[in-house]
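Undergrad: Encoded as structure tokens, here's the structure I'll be asking about.
What follows draws every value from the coordinates through simple rules; no lab data is involved. Bear in mind that the values here come from a model prediction, so they are computed numbers and not experimental data. So basically every Cβ, Gly included, is an ideal-geometry build from the backbone, and we count neighbours across all protein chains shown.
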Amino acid sequence: MDKTTVFSKSGKGLLEIKSKSNRLSKDEFRVLNLVDGKATLQDMAEKSRIAPVELRKILALLSDGGFIKELTNPAAGVGVANEAGRPAASPRTSGVDDLDFTQLLGPAEPAKPGVPQATIAERGQRADSERKASEGDATKAREDAARRARDEGERRAREEEAARRAQDEAARRIRAEAERKAVEEQAERQKLEKEIRARMEAEKRAKEEVERRAREKLEAEKRAKEEAEREAREEVESRAKEEAERRAREKLEAEKRAKEEAERKAREEAERRAKEEAERRAREKLEADARAKEEAERKAREEAE
């Protein structure tokens with residue numbers, strides 16, 4: 001296998017492309033699609049953007065699996081450009097009769113002036129020997145090519161028969177699969193319709209249940225609101241009554257405290273005034289006594305003098 005090797009799809013490969021059975025990996029299926037009997041290994045490497053080493057492995061796997069076949073040139077040993085400039089025959093179009101080995105023989109050299117006839121005879125014998133050897137090689141190559149062509153024809157016939165059988169089997173499987181899928185789809189549709197009816201019924205019951213719960217919730221909220229409002233009114237009235245009673249008690253207590261405070265202050269004021277009066281009288285008495293004592297002492301001094 002070289003860069004110029006050409007591959008073609010087998011019947012199995014064509015069937016794989018049509019059925020897409022997913023037996024091949026993504027890269028293998030892509031390479032199988034690129035095989036068209038014309039693209040070379042180098043062309044497929046450029047189109048698939050797969051490394052040549054990896055591409056060779058994939059092609060080998062496809063070939064071993066019978067998905068592709070390698071197209072070989074029966075005259076590979078001699079299918080080169082001849083000296084006249086004509087290209088070698090294509091490996092897919094050349095048969096045994098198309099092989100041209102005459103160009104392998106070089107053009108006859110004309111006798112040069114002054115060359116001995118013996119030398120010319122030797123050259124003629126040598127050329128004749130080479131021609132016979134080339135003809136023998138060409139005959140052997142034609143026989144090998146014919147044998148390879150027969151083998152290739154038999155192999156292609158076997159592959160075509162196998163491909164035909166594979167196509168028949170694939171068609172049978174496709175029909176059976178289609179029938180099975182039709183039955184499954186019918187069962188699936190019936191199951192789906194049943195599920196849809198059940199779901200619609202369940203949704204209807206759920207909707208009715210939601211509406212009933214919503215009504216009950218609204219009624220409960222209404223009752224709760226009325227009860228809350230009643231309790232709030234009673235609470236407000238109770239608090240107002242308690243507040244009035246508290247204020248009345250506080251007022252009585254304040255008046256009582258004010259009266260007691262006034263009485264206390266009056267007592268304290270009377271006591272303070274009485275104390276101050278007593279202290280004043282005591283001071284006046286002391287002062288009077290001091291003055292009387294001083295007056296007596298003064299009189300005594302005067303009397304003594």
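Undergrad: Of the lysine pairs in region 250-305, how many meet both conditions: Cα atoms under 23 Å apart, and a spacing of 8 or more in sequence or different chains?
TA: Pairs that pass both the separation and distance tests number 7.
Undergrad: Measure up Lys12/Lys38; Lys9/Lys57; Lys57/Lys140; Lys69/Lys181 against 28 Å on the Cα-Cα distance and list the ones that go over.
TA: Lys57/Lys140; Lys69/Lys181
Undergrad: Under a Cβ-only charge scheme (Lys and Arg +1, Asp and Glu -1), can you give me the dipole magnitude of region 245-286 about the Cα centre, in debye to the nearest 20?
TA: 20
Undergrad: In whole angstrom, and with the biggest value first, how far do the Cα coordinates of region 155-213 range along each principal axis?
TA: Largest first, region 155-213 extends 80, 14, 5 Å along its Cα principal axes.
Undergrad: Only Lys, Arg, Asp and Glu count, each charged at its Cβ (+1, +1, -1, -1), so figure out the dipole size of region 1-74 about its Cα centre, rounded to 20 debye. Display every interim value, and only then the final one.
TA: On the way: 14 positive and 10 negative charges, 54 e Å.
For this selection, approximately 260 debye.
Undergrad: From the phi angles alone, apply the Karplus equation (6.51, -1.76, 1.60; θ = phi - 60°) to region 44-51 and give each ³J(HN,Hα) in whole Hz, x where the residue is Gly or Pro.
TA: Per-residue couplings from phi come out as 5, 5, 6, 6, 7, 6, 9, 4 Hz.
Undergrad: Please state, as a whole number in µm²/s, the translational diffusion coefficient that the Stokes-Einstein equation yields for region 131-174 at 10 °C and 1.306 mPa s, with Rh defined as the Kirkwood radius across alpha carbon pairs.
TA: On the way: Rh = 12.8 Å.
In µm²/s, the coefficient rounds to 124.
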